[in-house]
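Only one structure is covered here, and it is reproduced in the block below.
Every number here is computed from the coordinates shown, using simple stated rules; none is lab data. Worth saying up front: this structure is predicted, and the values here are computed from it rather than measured. We place every Cβ from the backbone using ideal geometry, glycine too, and count neighbours over all the protein chains shown.
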Amino acid sequence: MSIFKSMQINTSGLNLERLKLDTISTNITNVNTSRTEDGGPYRRKLVLFTENLVNETTKLKGTMGPSSQGVKVTGIGEDASDFRLEYDPNHPDADEDGYVSMPNINMVDEMIDLIKTQRSYEANVTALNTSKSILKKALEISKD
């Protein structure tokens, strides 16, 4: 694997983690949104992604095979789990029994996802900086 390819993989990881951070932030912001443009409560969003594989010829064997180019986002999905029901008969969105459908967002889960995503982002930054350092050292060696 070339040094530039490792940087490309880390960059794709950074882009993914940034999008995940944005999505988690949106979920946290809408934790109490009981009515959206669609009429129902806000539904938790999830980032969908997959490994970005490309068929390449290997340099050692000369055969075609899948090679990772990092990750790619395939979309933003919605969590299909049930909405939370809260008893608040004075709420404008309450049903006849006084219950309000609230978003299917659990703040504890969102905070855990936020921390995991931050750590993944930091790991990608560290790996990218290591790749840059290796490239810099290689350039210094080639000067001599």
Choice from Thr26, Thr11, Thr58 with maximal GNM fluctuation in the chain (Cα, 10 Å cutoff): Thr58
Whole-Å distance, taken between Cα centres, linking segment 24-42 and segment 43-89: 23 Å
log10 of Debye I(q)/I(0), alpha-carbon scatterers only, for segment 1-41 at 0.18, 0.22, 0.29, 0.33 Å⁻¹: -0.62, -0.74, -0.90, -0.98
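For segment 18-77, what is one quarter of the convex hull surface built on the Cα atoms, given in nm²? Numbers along the way, then the final one.
Details: hull surface 21.3 nm².
Taking a quarter of the hull surface, the average projection is 5.3 nm².
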Fluctuation leader among Leu16, Leu60, Leu48 - the chain, Gaussian network, Cα springs under 10 angstrom: Leu60
Selection of GluC sites (Glu not before Pro), segment 17-77, meeting DSSP coil and at most 12 other Cβ within 10 Å: Glu37
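Report relative contact order for the chain in percent, whole number only (criteria: Cα-Cα under 8 Å, sequence separation at least 6). Show your work: numbers first, answer last.
Numbers: 202 pairs, mean separation 42.4, N = 144.
RCO, the chain: 29 percent.
Scan segment 88-144 for GluC sites (Glu not before Pro) in coil per DSSP, keeping those whose Cβ has at most 14 other Cβ atoms within 10 Å, and list them by number. Please report the intermediate quantities before stating the final value.
On the way: sites: Glu96, Glu110, Glu122, Glu140; in loops: Glu96.
Taking segment 88-144 and a limit of 14 other Cβ atoms within 10 Å, the loop GluC sites (Glu not before Pro) found are Glu96.
Exactly which trypsin sites (Lys or Arg not before Pro) in segment 11-64 are in a DSSP loop and have at most 11 other Cβ atoms within 10 Å? Kindly include the intermediate steps, with their values, before the conclusion.
On the way: sites: Arg18, Lys20, Arg35, Arg43, Arg44, Lys45, Lys59, Lys61; in loops: Arg35, Arg43, Arg44, Lys59, Lys61.
Hits after loop and neighbour filter: Lys59, Lys61.
Give, as a single signed number, the net charge of other residues whose beta carbon lies under 14 Å from the beta carbon of Met7, with Lys and Arg counted +1 and Asp and Glu -1.
+3
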Hydrodynamic radius (Kirkwood) for segment 56-127, which is based on Cα pairs only, to one decimal in Å: 17.2 Å
Note, ³J(HN,Hα) from phi for segment 23-30, Karplus 6.51, -1.76, 1.60, rounded to Hz, x at Gly and Pro: 5, 4, 4, 5, 4, 5, 4, 9
Rh (Kirkwood; distinct C-alpha pairs) - segment 104-144, Å: 12.5 Å
Whichever lysines have a C-alpha closer than 27 Å to that of Lys137, once near sequence neighbours (fewer than 8 apart) are set aside: Lys5, Lys59
Evaluated over the chain, the Cα radius of gyration and Dmax, each in Å: 22.3, 81
